[in-house]
Amino acid sequence: MSGTAVRATGHGDGDDGERVARRDDAVRAAVEQRLVGPGAPLAGLLDVTGIRASAAALRAAFESVSAPGTEILHAFAVKATPLVPVLRLLHAAGIGAEVAGPGELALARAAGIPVARTVLDSPAKTPAELREALALGIAVNADNPQELARLDALVRSAATRSPLGLRVNPQVGGGAIEALSTATATSKFGVALQDEGAREWLVRAYLDRPWLTRLHTHTGSQGVPLSLMARGVAEVYQLAEEINRRAGRQQVDTLDIGGGLPVDFGSDATAPTYAQYARLLAEVVPGLFGGRYGLVTEFGRSLLAKHGTVLARVEYAKSAGGRRIAVTHAGVQIATRTVYAPASWPLRIAGYDAKGRPKPGPGVVQDIAGPACFAGDLLAEGRALPPLDQGDHVAVLDTGAYYFAAHYAYNSLARPGVYGFVRDGGGIRFATVREPQTVQEIVAESGGDRAAALTEL
């Protein structure tokens, strides 16, 4: 894995080489404008131009293989980057929201995303969450027979505009990362299609409920090959065809095929692309795009990952056992998966000097350490990088999804500020997406106003 930013040739979802150049300019501008410095040693940067390009590429890819007039909702998986300005940006680019609980639903509504472009998925929806969704008219995918029984009671008691469906686990197998493989034989998600009697139960569930009009599946994400994703979609498409055949009409009118497009964390290239996946689906499941079914997708990581950078100041440069160590403020609190499962979640690191310029020099084996008080808080171990000195900067690349937005408050470390950027003439213009968390806010959310609560018991 390369230790410096690779100048990729433009291909895929937008121009990868242009994206790298924008990133370099944004890092230098962030240092010059003191978004990162001695008083603010960590920040997240979001490339607004890149995000817009990814959204456009997703829409174009599916439109290119779909019959004219096909209804397609691309719903962003809010868990990937749960930040209201990001959701508003995606909404403006034609992308809706897939939410997995009341918090994410509140974020989507705050961003102005219409309920008609919102989908609720979760394996543990409460009665209150279901009632709210049905009252608003939000699409709901039930996860299991017990949840379907809750919907039965709610649908009987009140009218709703919500499109309703069931999530199906096609049980086609897993990918390289077990935790992200959601179509294994024993996955916690959905109704297991291959279990004894399950297929007939599913068909009967639809025949008995004319208001069930959708089917949902999601095979997994990072580490899952496109061929396996397509197999999962094919299984659910065939189930929809069987339900409609036995119903004698097109009861299932929309297929929610989930998201999960993997991201190349080993280079600056956008690979695989949405166009490649859409073409594969058209080959494996040609009826999917014939115009008889509406489509919903739920991509998350692939829309944002390549357009985010965590920038951290090198607080100290030291050595131990003959190896250099750059101690930074980017660690387990922003890259939890990488620190605890580095083999599954490696990240590229790029070195910049004290002025935010790409740092030259031959590669020297060194560790990139975070600020947390345990030995394993390392973002990179034994990585060949230009020698990093005190006051330099490291850029943690491809971190636009799940990293700076999914904070882990180890050692009560503060959430970093997040800033979107665009080129403006010859420079970079920033907008604050989220202010850095203050020490006072950390104390407040840790029960600061209830200090005597236990001693007074």
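Table for the structure above
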quantity	calculated
Flag for Ala384 being in a strand (DSSP E or B), closer than 27 Å to Asp15 by Cβ and either assigned by TED's automatic domain parsing to the domain that holds Asn411 or without any contact (Cβ under 8 Å) to a residue 24 or more places away in the chain (or both)	no
Hey, Glu147 under 15 Å from Gly190 (Cβ atoms), among the charged types (D, E, K, R) and in a helix (DSSP H, G or I) or not	yes
Some residue of the stretch 419-426 being assigned by TED's automatic domain parsing to the domain that holds Ala320, surrounded by 20 or more Cβ atoms within 10 Å (Cβ to Cβ) and of a type in the set (D, E, K, R)	no
Filtered residue count, the stretch 86-143, keeping only those that are touching a residue at least 40 places away in the same chain (Cβ under 8 Å) and β-branched (Val, Ile, Thr)	4
Residues (assigned to a helix (DSSP H, G or I) and surrounded by fewer than 16 Cβ atoms within 10 Å (Cβ to Cβ)) located in the stretch 151-160	Asp152, Ala153, Arg156, Ser157
Test: Ala282 is touching a residue at least 60 places away in the same chain (Cβ under 8 Å), surrounded by fewer than 20 Cβ atoms within 10 Å (Cβ to Cβ) and farther than 19 Å from Ala55 by Cα	yes
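Conditions (1) surrounded by fewer than 18 Cβ atoms within 10 Å (Cβ to Cβ); (2) at pLDDT below 95; (3) outside any helix (DSSP H, G or I), marked per residue:
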residue	(1), (2), (3)
Thr4	no, yes, yes
Arg23	no, no, no
Ala30	no, no, no
Leu46	no, no, yes
Ala57	no, no, no
Pro68	yes, no, yes
Leu87	no, no, no
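One line per residue, one yes/no per condition, for (1) modelled with pLDDT under 95; (2) of a type in the set (Ser, Thr, Tyr); (3) not in a loop (DSSP other than H, G, I, E, B):
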site	(1), (2), (3)
Gly361	yes, no, no
Phe374	no, no, no
Asp389	no, no, no
Val394	no, no, yes
Ala406	yes, no, no
Arg423	no, no, yes
Ala444	no, no, yes
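The values are calculated or read from the model by the stated rules, or taken from the named source; none is laboratory data. Since the model is a prediction, treat every value here as computed from it, not as a measurement. Ideal geometry is used to build each Cβ from the backbone, glycine not excepted, and the neighbour counts take in all protein chains shown.
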